[in-house]
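These notes are about the structure you will find just below.
The values are calculated or read from the model by the stated rules, or taken from the named source; none is laboratory data. Owing to the predicted nature of the structure, the values given are computational and were not obtained by experimental measurement. With ideal geometry, Cβ positions are generated from the backbone for all residues, glycine too; neighbour counts draw on all protein chains shown. Just so you know, the surface numbers come from the protein's heavy atoms only, side chains and all, with ligands and any DNA or RNA stripped out. Shrake-Rupley method; radii C 1.70, N 1.55, O 1.52, S 1.80 Å.
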Amino acid sequence: MKLKIAFITIAIVAVAALGTLSFGYYILKCPQVSLEETAYIYIYPYDNARSILEKIEEAAHPTTMLGFKLLADHNNLDKQRKTGRYAIYDGDDMHTLYRRLVSNQQTPLMVTIPSTRTVEQLLSAASKQLMLDSASLCKLATDHRYYGYMGYNTATMPCIYIPNTYELYWDVTPQNFMIRMLREHDLFWNKKRREKAKAIGLTIEEVATLASIVDEETNNNAEKPIVAGLYINRLKRGMPLQADPTVKYALGDFTRKRILKKDLETDSPYNTYKHKGLPPGPIRIPTIQAIESVLNYKRHNYLYMCAKEDFSGTHNFAATLAEHNRNAQRYQQALNKLKITK
């Protein structure tokens with residue numbers, strides 16, 4: 001009888017243990033997430049175990065989060081959690097998901113660095129896509145001691161950035177963001193591109209400066225190599241560039257539709273009507289398309305350009321001043337007809 005009781009007791013304990021193990025396996029190792037598309041959660045410095053649990057529930061709606069909660073309580077998630085962007089995949093179990101978060105197995109994201117008119121605008125656009133504080137990033141990136149150490153000055157500092165889409169971690173620091181931008185700059189300006197710049201007789205900063213003018217002159221990519229060739233022709237002949245966008249930059253007003261005679265007298269090193277050669281630095285962050293247009297400029301004999309009178313955003317090009325004056329007259333008449341005075 002005693003043996004029978006002992007056997008029954010052992011059996012009950014074994015069944016209970018097996019049940020506990022089975023339950024533990026279910027809540028920790030069995031898939032609890034069913035998703036059609038990968039979900040993502042973003043963990044900030046201020047997040048805690050409770051807010052992280054809420055984010056997981058909202059993003060993935062797991063069958064049960066009991067296993068995650070047990071791990072969070074037992075391992076003190078508040079002290080283990082890492083900032084970042086984390087993926088939640090279809091078929092995830094709670095143990096795998098927990099380990100992903102506490103071991104900082106982030107999923108990077110594609111961040112677009114745009115071509116903007118100012119560095120501050122570029123940094124602001126980047127910050128909106130990342131955990132970065134815009135003010136902290138801007139303070140670092142525009143500190144003359146920082147970019148001066150890297151060989152840039154206030155005028156050439158925009159040359160650092162190559163507008164493109166890059167894979168970055170969401171919680172990248174301002175320092176690491178800038179290191180990445182510098183690395184991408186060096187990768188872009190490879191031996192082939194540097195040799196092309198040298199063959200034209202320009203430094204890479206001068207190429208970027210001319211490209212910024214090309215970008216402001218036209219949004220038409222097909223025209224950009226032609227515009228680049230025109231300005232290179234003027235540079236080779238020692239003629240002033242006489243680029244209206246540089247006057248707008250000097251005036252601090254890119255909204256201007258019309259440049260007046262008095263504007264051409266603006267006292268600024270960026271006024272290419274008064275000063276020969278390229279301005280001190282880019283008048284915007286140039287696009288890759290514009291940079292390539294300078295490096296692979298169209299060979300022709302044009303020296304003048306004027307916006308077309310149909311306001312299509314394209315231009316009439318001319319090799320002689322007489323031809324240019326006729327183009328300019330038509331454009332001025334179109335402005336007058338629409339009563340555009342500035």
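List, please: which pairs have Cβ atoms under 6 Å, are six or more places apart or on different chains, and start with a residue in segment 186-209 that is without any contact (Cβ under 8 Å) to a residue 40 or more places away in the chain and end with one that is assigned to a helix (DSSP H, G or I)?
Trp189/Ile204
I'm trying to understand the selection: among the residues of segment 247-269, which are touching a residue at least 12 places away in the same chain (Cβ under 8 Å) and under 30 Å from Thr165 (Cβ atoms)?
Those that are touching a residue at least 12 places away in the same chain (Cβ under 8 Å) and under 30 Å from Thr165 (Cβ atoms): Lys248, Tyr249, Phe254.
Quickly run through segment 61-70 and pick out the residues that are touching a residue at least 24 places away in the same chain (Cβ under 8 Å) and in a helix (DSSP H, G or I).
Leu66, Gly67, Phe68, Leu70
Matching residues to (1) out of contact with any helix residue (DSSP H, G or I) (no Cβ under 6 Å at 6 or more places or on another chain); (2) charged (D, E, K, R); (3) farther than 19 Å from Leu132 by Cβ:
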position: Asn190; (1), (2), (3): yes, no, yes
position: Val214; (1), (2), (3): no, no, yes
position: Lys224; (1), (2), (3): no, yes, yes
position: Thr246; (1), (2), (3): yes, no, yes
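With respect to Tyr46, is the statement that it is surrounded by fewer than 18 Cβ atoms within 10 Å (Cβ to Cβ) and touching a Lys or Arg at 6+ places or on another chain (Cβ under 6 Å) true?
On the way: surrounded by fewer than 18 Cβ atoms within 10 Å (Cβ to Cβ): yes; touching a Lys or Arg at 6+ places or on another chain (Cβ under 6 Å): no.
No, not satisfied.
If you scan segment 184-224, which residues turn out to be hydroxyl-bearing (Ser, Thr, Tyr) and open to solvent by 10 Å² or more (accessible area, probe 1.4 Å)?
Our first condition is that a residue be hydroxyl-bearing (Ser, Thr, Tyr); within segment 184-224, this holds for 203, 209, 212, 218.
Passing the criteria: only Thr203.
I'm checking my understanding of the structure. Among residues of segment 284-342 that are β-branched (Val, Ile, Thr) and surrounded by fewer than 18 Cβ atoms within 10 Å (Cβ to Cβ), which one is modelled with the highest pLDDT? Spell out the reasoning first.
Step one: filter segment 284-342 for residues β-branched (Val, Ile, Thr), giving 285, 287-288, 291, 294, 314, 320, 340-341.
Subset that is surrounded by fewer than 18 Cβ atoms within 10 Å (Cβ to Cβ): 288, 314, 320, 340-341.
Working: Ile288: 98, Thr314: 88, Thr320: 93, Ile340: 74, Thr341: 64.
So, considering only residues that are β-branched (Val, Ile, Thr) and surrounded by fewer than 18 Cβ atoms within 10 Å (Cβ to Cβ), the one modelled with the highest pLDDT is Ile288.
Which ones in segment 128-147 are crowded, with 18+ Cβ neighbours inside 10 Å and modelled with pLDDT of 95 or more?
Matches in segment 128-147: Leu130 only.
Looking at segment 71-165, what helices (runs of 4 or more DSSP H) fall wholly within it and have at least 3 residues that are within 13 Å of the chain's Cα centre (by Cα) and among the aliphatic types (A, V, I, L, M)? Full working, then the answer.
On the way: elements: 77-80, 94-102, 119-127, 134-141, 144-149.
Correct list: 119-127.
Tell me the residue from Asn233, Asn220, Asn176 that is farther than 25 Å from Ala319 by Cβ and polar (S, T, N, Q), please. Write out each step before concluding.
Details: Asn233 fails: farther than 25 Å from Ala319 by Cβ; Asn220 fails: farther than 25 Å from Ala319 by Cβ.
The conditions single out Asn176.
Among (1) in a helix (DSSP H, G or I); (2) in contact (Cβ under 8 Å) with a residue 40 or more places away in the chain, which single condition is Ile283 missing?
Here Ile283 clears every test but (1).
Quick check: is even one residue across segment 23-43 more than 19 Å from Asn75 (Cα to Cα), at pLDDT 90 or above, outside any helix (DSSP H, G or I) and among the charged types (D, E, K, R)?
yes
Name the single residue that is farthest from Thr173 (Cα to Cα) among those in segment 101-118 being crowded, with 19+ Cβ neighbours inside 10 Å, modelled with pLDDT of 95 or more and not polar (S, T, N, Q).
Step by step, filter segment 101-118, then rank; the result is Ile113.
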